[in-house]
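Presented below is the structure to which this report refers.
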Amino acid sequence: MVAHLVRLRLTLLANALRRSVWRTIGLVLAAAYGAAVVTFFVGAAVVGGRTDPVLTGQVVTVVGAAVVLGWWVVPLFAYGLDATLDPLRFVPYGIPHRTLLAGLATTALVSVPAIFTALAALGVALVWTTDPAALAAALLGAVGAVALCLLGARATTTLLAPLLESRRYREVLMVVAIVPLLGLGPFLSWLSGGLDKNGGSVTITSGDGLSAVVGPVAAALAWTPFGAPWALPAAVHDGAWALAAARAGIVVATVALTVLVWSRALARALVSPRGGTTAGRAAGLGWFGRVRATPTGAVVARCATYWLRDPRYSASLALVPLLPAVVVTLLVSSGAGTGLLLAVASLAAYILGFGLSNDVGYDSTAFWLHVASGTPGRADRWGRVVPVLVAGVPLVVVLAVAGAGAAGRWDALPAVLGLTLGVLGAGLGTSSVASARLVYPVPTPGQSAFTTPHGAATATIVAQAAAFGVILVLMLPTLGLGLPAILLPSAALGWVACGVGLGTGAVALLVGVRWGARVYERRLPELLSQVSAFA
Amino acid sequence: MIRVTQPTAPPDPGAALSLRGIWKRFGDRIAVSGVDLDVPAGSLLGLVGPNGAGKTTTLSMATGLLRPDAGTVHVHGTDLWASPDAAKRRLGVLPDGLRLFDRLTGAQLLTYAGLLRGLDRPTVAARTEDLLAAMDLTADRDTLVVDYSAGMTKKIALAGAMIHAPHVLVLDEPFEAVDPVSAANIRDILRRYVDDGGTVVVSSHVMDLVQRTCSHVAVIAGGHVLDAGTVEQVRAGQSLEDRFVELVGGRRETGGLEWLRTSSDSG
């Protein structure tokens, strides 16, 4: 059965590659990137191991702990786990629970991130080439670490899946996820403080300063499940067998615990059907009763309704007011200048503007209604933009004013306003073209936030990088005027930047929507075919 | 008159829907290979065929949802792919296997469909009420479509296809998952619509239903139209089901799957 599932996973992968050249390119790029990262880490480990294996081992412990923690936590928020072998699909076959568990655990290894994590984990064991006993311990530790990564990811996602299906919990979880970020500021300032005390020269060869900082951190992490497998060889190297046994014990116990949690959560998930919540109701026509009775008005009402009712939209909406809180806390705790407060509004504007860049992908195949009814490109594009504009402009203006006030930089307000509104307009304009041109897979309506559509990660990154590049280029003139205006500071230049920013935003928005409408009308059936291919 | 035409025959301007030489290829699989079909105005045509025959692909190309590789589609004489806006105004579409904007309530979804079609507000409001009543969905008007059952979803989508009073209704599997009472109501609605001069194309694989409901039938298999005409013409004295099996072939004599008998002692 294990072999069956691995073969199934490989067949699915091969079929996916055969269906799309882009997926093949994505896989090759991901593999090249992974190979580069692994080479870098292994190379650093070998070099570091020759000069100072103990210190290098401590660095490996800290970095390794971060990797394990990342495996546990990142799928909850960002990409989700690959859903090609969704356990629920095996329900009809009556596979014994233990066999299914073993099979899924093994297939978890057959993915690009898993393979490169395993290669890197085994590779960094080369730190201990000078000490065969420690080397053996390091290889064992690496196996334990990889098991912890894969099983932990399965355990956390399966355990929290029912929770994250509901919108309210997910928004709470997003707030909770910010908390470690908030702790980052004090940690960084403590770290730099520690380095300063030791003369500040940070190189691995003359690593007094580094070891003074990394040593305690690694020692503490070695007692956690995340750091224990990586710290195992150091204990063996020191001949501290009791310590080594304790760390091995932590690893084995954690692996056992994750298997138990995963097994229990999976067993529960297999017998409780998805969804099954009470039927949602909304009296009256809502926004549909308030907009003008035109196709544009209809799309405005539908998009406004979706922003509030579809968790995929409302989650990103929840992010916008959270941003200022995060930035403020980061600044206050790390003691950096308050100048960054001025950037909060532009950042929020970027998130809002960029949020529409795959709107047709979010519609999924429901988009057929626009195709069948021959909805004009103008109506479709403006309909999607207007709700963001109506809610977004007051929001970012308030953020800009509040940011300038909190930073005590009222003089910078014109430049900040110009930048912010410019970014909003440029973002919405770029998105209007991008969503008619670059459609990439997103979770379908109602799908769990934990799943990621196959092959979506690469496409998402490419589309986002392209959109970011375009917005950046569009904003260059405003940035060229606005940054000197804020930094010098120059009031006159600030007003010029304000004008240029507003002009850029307005022109980019108008041109983007018009161009997007033309592309949309030309590609109407092709857009539907694209989203149908993802479904 | 409905007939299998030569690819060279010009589109019939009198037909409600006239397909000529429609082709569609997905990769190296040819889904539809040269479909010619005329749907006379005022007919209720059943499009029947085995699974994978190309019914959905043909109907998608006939309604503007999928661009054909070759061929033309005329809706009451208007070339669909040359002037899509004019042709789409006359078409009401119910696709199969595509989502709806299901975070809207039933009433909101119908309002959305009506406004997208450019209707004014009083018309949309009145027709929404009428359609909800006709589909027996008035009690669920404020429930999100995502929480509808499969049959209710089918009915709300059907209502959305009708809201702009199209000349031609193209419905892919409209009776699937719909309860018998609702199905009878929908059949009545469609018959009345045809009596008033409308034209309906429905796809189905329930031969009995087509024989009882439709005036015309077209049999499609392997991406071709095998036969088309009035139900009487096509079935030629047999039951439609027998005639269909005769045209399409592939019926097996009994035998095989002996192990499936629960009385056998292998289990």
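The values are calculated or read from the model by the stated rules, or taken from the named source; none is laboratory data. Please read these numbers as outputs of a predicted model, since none were measured by experiment. Backbone-built Cβ (ideal geometry, glycine too); neighbour counts: all protein chains shown. Ligands, DNA and RNA are excluded from the accessible area calculation, which covers all protein heavy atoms including side chains. Shrake-Rupley method; radii C 1.70, N 1.55, O 1.52, S 1.80 Å.
Key figures for this structure:
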{"read-out": "Meets criteria (touching a Lys or Arg at 6+ places or on another chain (Cβ under 6 Å) and more than 7 Å from every other protein chain (Cβ to nearest Cβ)) for B:GLY106", "value": "yes"}
{"read-out": "The listed residue being farther than 23 Å from B:VAL202 by Cα and at pLDDT 95 or above, out of B:LEU110, B:LEU116", "value": "B:LEU116"}
{"read-out": "Conditions (1) within 14 Å of chain B (Cβ to nearest Cβ); (2) at pLDDT 95 or above: number failed by A:SER532", "value": "(2)"}
{"read-out": "Contacts under 7 angstrom Cβ, first residue in segment B:77-103 being more than 7 Å from chain A (Cβ to nearest Cβ), partner at pLDDT below 90 and assigned to a loop (DSSP other than H, G, I, E, B), 6 or more apart", "value": "B:GLY77/B:PRO13"}
{"read-out": "A:LEU369 vs. criteria in contact (Cβ under 8 Å) with a residue 12 or more places away in the chain and open to solvent by 10 Å² or more (accessible area, probe 1.4 Å)", "value": "no"}
{"read-out": "Some residue of segment B:22-43 being in a helix (DSSP H, G or I) and in contact with a Pro (Cβ under 6 Å, 6 or more places away or on another chain)", "value": "no"}
{"read-out": "A:ALA406 closer than 17 Å to A:ALA491 by Cα and assigned to a helix (DSSP H, G or I)", "value": "no"}
{"read-out": "Failed item, numbered, when B:VAL48 is tested on (1) more than 10 Å from chain A (Cβ to nearest Cβ); (2) open to solvent by 10 Å² or more (accessible area, probe 1.4 Å); (3) not acidic (Asp, Glu)", "value": "(2)"}
{"read-out": "Matching residues in segment A:94-139 - criterion: being outside any helix (DSSP H, G or I), within 26 Å of A:THR56 (Cα to Cα) and not β-branched (Val, Ile, Thr)", "value": "A:ASP131"}
{"read-out": "Test: B:ASP79 is over 24 Å from B:ASP208 (Cβ atoms) and either modelled with pLDDT under 90 or among the aromatic types (Phe, Trp, Tyr) (or both)", "value": "no"}
{"read-out": "Filter result (facing chain A (nearest Cβ under 10 Å) and open to solvent by 50 Å² or more (accessible area, probe 1.4 Å)) within segment B:137-154", "value": "B:ARG141, B:VAL146, B:ASP147"}
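Residues are listed down the side, and each one gets a yes or a no for (1) among the basic types (Lys, Arg); (2) under 18 Å from A:ALA301 (Cα atoms); (3) crowded, with 22+ Cβ neighbours inside 10 Å; (4) away from every other protein chain (no Cβ under 14 Å):
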| residue | (1), (2), (3), (4) |
| --- | --- |
| A:GLY361 | no, no, yes, no |
| A:SER373 | no, yes, yes, no |
| A:VAL385 | no, yes, yes, yes |
| A:VAL397 | no, no, no, yes |
| A:ALA400 | no, no, yes, yes |
| A:GLY425 | no, no, yes, yes |
